[in-house]
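Rule-based calculations on the coordinates, nothing more; no lab input. It should be emphasised that the depicted structure is a prediction, and the values quoted were computed from it without experimental measurement. Here Cβ is always computed from backbone atoms with ideal geometry, including for glycine, and neighbour counts include all displayed protein chains.
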Amino acid sequence: MKLTRTRRTVACEVNITPLIDIVFLLIIFSMVVSQFTKLEVTNVVLPEAHEGVEARLSGGGRIVVNVLPTGRMVVAGTGHSTGSLGEVLSAEAARRGAANVSVVIRSDRQTPWASVAPILRACADRRIDRVRVAVRPPAASPES
């Protein structure tokens, strides 16, 4: 009697279709997020500050107000006047609650204070107290 030995082969297949779907979703997500961040930030030369505290703005709605040297205000890529900026702030405060809204003012160093003061006044009128002014650290002085 001859016994035959059968070889067992393990068939293992890896289905990569879900992996491809996830990679495409990550690519689309990164493209969309990069577009949002481009809308928030406008090229301005921030003023220098020797002292300050790094802002930790967590949760709630964050509104980034870019103030150009001409005094023009830009929020999310759209130009605003003081009145229309007030409407944006009011809508966000009504939607999220004034305590949950934070405003970041990115003003060019050449912008006169008269262009920044109405933003602070509009925030105060709507009881938005989480207002930060973006600055940059001073340039390193050459050592002697």
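Observations on the structure shown:
- Length-normalised contact order for region 60-112 - Cα pairs under 8 Å, 6+ apart - percent: 54 percent
- Here is the list for region 73-144: GluC sites (Glu not before Pro) lying in DSSP coil, each with at most 13 other C-beta atoms within 10 angstrom of its C-beta, are 143.
- Cβ-Cβ FRET estimate between residue 90 and residue 62, R0 fixed at 25 Å, reported to 0.05: 0.95
- Highest-first arrangement of 23-34, 5-16, 126-137, where packing means the average Cβ count within 10 Å: 126-137, 23-34, 5-16
- Cleavage-rule hits (trypsin sites (Lys or Arg not before Pro)) in region 64-124: DSSP loop, at most 15 neighbouring Cβ within 10 angstrom: 72, 109
- Chain lengthening between residue 120 and residue 45 when straightened (0.36 nm per residue, less Cα-Cα): 25.0 nm
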